[in-house]
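Q: The following block contains the structure, expressed as C-alpha cells.
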Amino acid sequence: MLLSNYLAHRASLSRARGPLFLSESRRNHAQPLSLWTWSKVVRRIALAADVPRFSTHTTRHLCLTDLARMGWELHTIATFAGHRHTDSTLRYIHLSGRDLAGKLGRGMDHIHAWRIAMLTGMDAATPGTPQ
C-alpha cells in the first residue's frame, strides 16, 4: 500500500524512467536524490523512530545476514557483496544465538548418528544398514 501510494506520488513529480526517489525541493525538483540527501532523510526517520543506530548502511548488513540465514556459502555472499576477502563479509553477517543453535543442533545430530553407526557397525548414510 505504501509503495503504491508513493509510486502515484512519484508520477506526479516525473513520469521519466530512472531512480525511484526524486527530490521535491525547489532547487532540485524531480531530480534523483543525492546519496547525501538520502542519508539525511534516513537519519531523520531513524531518529524519529528512536532507532539512532539505523543508517542507510544497515540494510546492507540485513541483506547479507538474510543470505547467511538462507544457507548461502560465505564465499558466495562475499562475491555478491563485492568483497575481496571473506573477513570483510564476516563483519556484515550478524547471526543470532538462535540461528547458530539451530545449525549446531543439526550438526551435532549428524555427528551423533555417525558415531552410533560406527559403534554398532551400521552404515551412517543409511541407518539400519550393516556396513
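Q: Which residues, counting only those in the stretch 23-46, are without any contact (Cβ under 8 Å) to a residue 12 or more places away in the chain and open to solvent by less than 50 Å² (accessible area, probe 1.4 Å)?
A: Within the stretch 23-46, SER25, VAL41, ALA46 qualify.
Q: Let me ask something else. Find all pairs meeting these conditions: Cβ atoms under 7 angstrom apart; at least six residues apart or on different chains; first residue within the stretch 83-96 and within 14 Å of HIS57 (Cβ to Cβ); second residue at pLDDT below 90 and surrounded by 12 or more Cβ atoms within 10 Å (Cβ to Cβ).
A: none
The values are calculated or read from the model by the stated rules, or taken from the named source; none is laboratory data. All values derive from a computational prediction rather than experimental measurement. Backbone-built Cβ (ideal geometry, glycine too); neighbour counts: all protein chains shown. Ligands, DNA and RNA are stripped out before the accessible areas are found, and what is left, the full protein with its side chains, is counted by its heavy atoms. Shrake-Rupley method; radii C 1.70, N 1.55, O 1.52, S 1.80 Å.
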